[in-house]
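What follows is a single structure, written as structure tokens, with notes after it.
The values are calculated or read from the model by the stated rules, or taken from the named source; none is laboratory data. Quantities reported herein were computed from a predicted structural model and do not represent experimental measurements. A quick note on method: Cβ atoms are made from the backbone with ideal geometry, for glycine too, and the neighbour counts reach across all protein chains shown.
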Amino acid sequence: MTFRQFALHNVRRNFSRYAAYFLSSTFAVTVFFMYAAFIFHPDVVNGTIRPSVRRGIFAAEVIVFLFSVFFIFYSTSSFLKLRKKDFGLLTLLGITRGQLNKLIVIENSIIALLSIATGMVFGALLTKIFFMMFSVMLDLPSPLSYYIAWKAVATTAIVFLVTFEAITIMTLITIRSSQIIDLLMSAKKPKKPPVYSLWLSMLAVICLAIGYYLAYTSNIMQMMKRVLPILLLVIIGTYFLYTQSSIGLLRYYKKQKHSYYRGTNLITAAELTYKLKDNARILSMVTILTAVTFTSTGVLANLYFGKKAEAEARFPHAIALISKKEPKAFENKLQILKNALHDEHISFTSHKAAFIRAYNPKKPNDHVMQHLVLMRVTDYNRFADLAGQPHISLPANTAAYMQPTPDQGYEPIKGKQIAIAIKNSNETMVVPLAKSIPQPVINPSGVIGYMLVVPDHLYDKFHRLAAEETIQYYAGISYKNWEVKTSVIKKLNRLIQKDDVDLTNRLEFFNRMKQVFSLMLFIGFFVSVLFFLAADSILYFKLYNDLEQDSKQYEALSKLGLTWKEMKQIAAKQVGILFFIPFVVATVHAGFAFKMLQNMVSGSVVKTSALVIIIFFVVQLGYYFLIRSLYTKKVEQVM
């Protein structure tokens, strides 16, 4: 047998150990290859596809590569650790350091070449579907043709081959520094009894509680400031949750005599205490990876499927016409708008109102207070009818600030009262401020100031003081199926000159959201699945690393009189806990992230978020049954 045949035989004999590593690496290569095929596609290179889309795919390509480096490095280190005993025996039998390094390089190169070749084959087969999905989600006028550039093949092969080999060489350093006795005894080192600190356990609870509170109370104005602190608190809390709090909870469970001494719970809990302590870092890593997967997929799915509700909340009217400084041409443009709708046979409802430009004379240096606009409450309710929103009522002689967006936290006008004056008028009125109105009923526009809704009698009083140049007109128009009425919007953009009016519409905003969120979901889905598979693969690696020691424990239990059925129950419980504890904790983390998202969007995120968790749970359940079956079979074979 030649040296290469010996290495090939080792890979074939130990391939079950490499299975998850091989499949996850293959998936990473597949995703990278499909993205590369898109980047080097002639339509993309020649500029047919928007440059922003190409940049987004390229960014995803970088993320896939960086994560693949981390995953391959971790996986290679795990398998080398698993085979330290084999390396020790080979060294004891006379293999030289150079021959051992050569053996490791050849074995890893075989796995690398198999992963790259298999990944590119699957990538080539799936690229057609990838392009079809991409064309549909981004609503391209014609689907991308099936084409695989040689640059995509070369780039994928070179990048991953160099990555695999570089990481293999790096991991050789750990073997180089190990002595023969260390290699032989690596799996036989005695375990220390697990201990925990009450203070560190409390720190875990405090960090998670603060992180959850910051996420639960965040709004769009606070998000950027809070994201990093929340992430750090949750990571710290998760780590100490596994290393400290879990041990404390298991010790508490041991005091529950009725449950602890039932069936095989005693053996399961005793062994689980060591497993949770030994696997704390891995479980923390898997939990964070899984939480990132849930959060990113859920956020992107909510943004994509909630884009219509978001567009309707931010643009209450399908079309709005607003006069600028001089309102004389407003009526003429409004008639053109209505005629265009009639020509397109669109049935619509509309309402027109006059706003009064005002200011706060007591705060001359405040930009917000110098650009106030007054709306009567009757007009507010009429506009609310067009938008399908509830009416409001105001106490007499009060004013309420209407936020320009439905985002929580965006409230530039606060206080108990406000001074209001009209330009070219000497009269100033101080009125109490009622609770602000979080949902706007008019479309956003750069020519409208900060809106104050006032009772009709108060509006009429200001109107008598207002000169013609302080009056501003707004018309809101609503109709059904606005998301497909593209021709009328194109016609209005041609017919209406925007020199003296501002024309806003919901459809263009909706289409921009659709383009952005479709691309984000399309990119994020594959990256999230890669993260999820990697997280489960890490658990698989750990179970295999502990297989020899676990088998000896089960052999000892069988000598004590436990049946194989009872030992299978113990194994199933331990594997299930290791698989589903990170899933449950990650779901809680993601739940607060979804609440943070709910504070920033208008539609409900509950259904989509729950669907995402359920889909991942089904995948996790299938993966659990597969790994449990493989694990118990391996234990049975060893015994």
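List of remarks:
- Looking across segment 362-387, the residues that are at pLDDT below 90 and touching a helix residue (DSSP H, G or I) at 6+ places or on another chain (Cβ under 9 Å) come down to LYS362, LYS363, PRO364.
- Number of positions in segment 300-331 that are assigned to a helix (DSSP H, G or I) and of a type in the set (Ser, Thr, Tyr): 1
- None of THR171, THR156 is of a type in the set (Val, Ile, Thr), assigned by TED's automatic domain parsing to the domain that holds PHE32, at pLDDT below 85 and surrounded by 14 or more Cβ atoms within 10 Å (Cβ to Cβ) except THR171.
- If the condition is being hydroxyl-bearing (Ser, Thr, Tyr) and either in contact with a strand residue (DSSP E or B) (Cβ under 8 Å, 6 or more places away or on another chain) or farther than 18 Å from VAL292 by Cα (or both), then segment 498-528 contributes THR504, SER518.
- Of all residues in segment 41-54, those satisfying the criterion of being under 18 Å from THR156 (Cα atoms) and surrounded by fewer than 18 Cβ atoms within 10 Å (Cβ to Cβ) are PRO42, VAL45, ARG54.
- The lone criterion from (1) buried (at least 17 other Cβ atoms within 10 Å of the Cβ); (2) assigned to a loop (DSSP other than H, G, I, E, B) left unmet by PRO141 is number (1).
- Scanning segment 599-612 for residues that are in a helix (DSSP H, G or I) and either surrounded by fewer than 18 Cβ atoms within 10 Å (Cβ to Cβ) or aromatic (Phe, Trp, Tyr) (or both) yields VAL606, LYS607, ALA610, LEU611.
- Considering segment 403-444, the residues that are in a strand (DSSP E or B) and without any contact (Cβ under 8 Å) to a residue 40 or more places away in the chain include one that is nearest to the chain's Cα centre (by Cα), namely LEU433.
- Residue match in segment 126-142 (condition: assigned by TED's automatic domain parsing to the domain that holds SER25, among the β-branched types (Val, Ile, Thr) and modelled with pLDDT of 80 or more): yes
- Restricting attention to segment 475-490, the residues that are part of a loop (DSSP other than H, G, I, E, B) and surrounded by 14 or more Cβ atoms within 10 Å (Cβ to Cβ) total 2.
- Within segment 209-262, the residues that satisfy the criterion of being out of contact with any helix residue (DSSP H, G or I) (no Cβ under 6 Å at 6 or more places or on another chain), in a loop (DSSP other than H, G, I, E, B) and modelled with pLDDT of 65 or more are THR217, ASN219, ILE220, MET221, GLN222.
- Residues in segment 359-379 that are touching a Gly at 6+ places or on another chain (Cβ under 8 Å) and either aliphatic (A, V, I, L, M) or in a strand (DSSP E or B) (or both): LEU372, VAL373.
- Of ALA358, ALA354, all but one fail to be surrounded by 14 or more Cβ atoms within 10 Å (Cβ to Cβ) and touching a Phe, Trp or Tyr at 6+ places or on another chain (Cβ under 6 Å); the exception is ALA354.
- From the options PHE294, PHE330, residue that is of a type in the set (Phe, Trp, Tyr), within 42 Å of the chain's Cα centre (by Cα) and at pLDDT 85 or above: PHE294
- Residue in segment 452-474 that is of a type in the set (S, T, N, Q), surrounded by fewer than 16 Cβ atoms within 10 Å (Cβ to Cβ) and assigned to a strand (DSSP E or B) present: no
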